[in-house]
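**Student:** A single structure is presented below for examination.
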Amino acid sequence: MKTLHNVAKENLHFRPSLSTHWLVELLFGMVGAVVLALTVMFSINDASASESDIGATTPLFITNTTNDSLVEVGTAEMSLLWFDIYSAKLFSIDGKYRANRFPLILDIKYHRDIDAIDLVTATIEQWQHLGLAEENIELYRQQLVNAWPDVKEGDRLTFRVNTPEDAAFLLNDAPYYQVSNAQFPAAFLDIWLSEKTSHPELRKQLIGVN
């Protein structure tokens, strides 16, 4: 598995072009709906979150959790005209979304072939939309170069965050890239889950708000 500490890649410079701007609008992984049958009968104490909890900012970590113990919060589809771009699903410990409560899984299935460089460029533009500092974007960009693969139609990219210090990308359920920067997981998930997201309707679908 690649890590931030043992993988060094050439420092690439990406320049968004008009041909990639449609990807920015469609970002969020470009991924199609994968039926992730997660059955959960997991005993949870004090983990239920009401709708008023969605804005909470104090991190809450629940450890010793496997993929099968997470419950789907919501699902969202992204399409452009008649083109299906991707499907995304969000999973939490109890099927409810609460900001900064972990573990969380964002599961994306792609319906189109997309090069890694285009995914990186689109991700950066989303961070710029969210107002991240340029120095942070550059730091995260170096990680994206390692973390993003070229994806093919039908590929699934899963981002699992156990805690901010323990997060990883899986490609088609196989470990692909271990993240070691504690700020990266929140910055990445904010593309979909921040109230400032460029796709508020998609966010509502993912967090289960009708």
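**Student:** How large is ³J(HN,Hα) for each residue in the stretch 157-170, as worked out from phi by the Karplus curve 6.51 cos²θ - 1.76 cosθ + 1.60 (θ = phi - 60°), to whole Hz, x for Gly and Pro?
**Tutor:** Computed from phi, the couplings for the stretch 157-170 are 10, 10, 10, 9, 10, 7, 8, x, 8, 9, 9, 8, 9, 10 Hz.
**Student:** Separate question: Sort 117-128, 86-97, 71-82 for me by packing, meaning the mean count of neighbouring Cβ atoms within 10 Å per residue, highest on top.
**Tutor:** Most protected by this proxy first, the peptides run 86-97, 117-128, 71-82.
**Student:** Sticking with this one: Enumerate the calculated ³J(HN,Hα) couplings along the stretch 113-121 in order (Karplus 6.51 cos²θ - 1.76 cosθ + 1.60, θ = phi - 60°), each rounded to whole Hz, writing x wherever the residue is Gly or Pro.
**Tutor:** 6, 9, 6, 4, 4, 6, 5, 5, 4
**Student:** For Val73, enumerate residues with amide H under 5 Å from its amide H, sequence gap 5+ or separate chain, H modeled in the peptide plane.
**Tutor:** Amide H neighbours of Val73, under 5 Å, 5+ apart: Leu90, Phe91, Ser92.
**Student:** In whole Hz, with x marking every Gly and Pro, tabulate ³J(HN,Hα) for the stretch 86-98 from phi via Karplus 6.51 cos²θ - 1.76 cosθ + 1.60, θ = phi - 60°.
**Tutor:** Taking θ as phi minus 60°, the curve returns 6, 10, 10, 10, 10, 10, 9, 5, 9, x, 10, 9, 9 Hz for the stretch 86-98.
**Student:** Ranking request for peptides 129-142, 179-192: highest mean number of other beta-carbon atoms within 10 Å first, then the rest in descending order.
**Tutor:** The most tightly packed comes first, giving 179-192, 129-142.
**Student:** With a ≥ b ≥ c taken as the square roots of the eigenvalues of the C-alpha gyration tensor of the stretch 157-210, please select rounded if a/c is under 1.5 and otherwise prolate if a/b is larger than b/c or oblate if it is not?
**Tutor:** It comes out prolate by the Cα gyration axes.
Here, each number is a calculation from the coordinates, and none is a lab measurement. This one's a predicted model, so the numbers in the text were calculated from it and none came from an experiment. Reconstructed Cβ throughout: ideal geometry from the backbone, glycine too, with neighbour counts over all protein chains shown.
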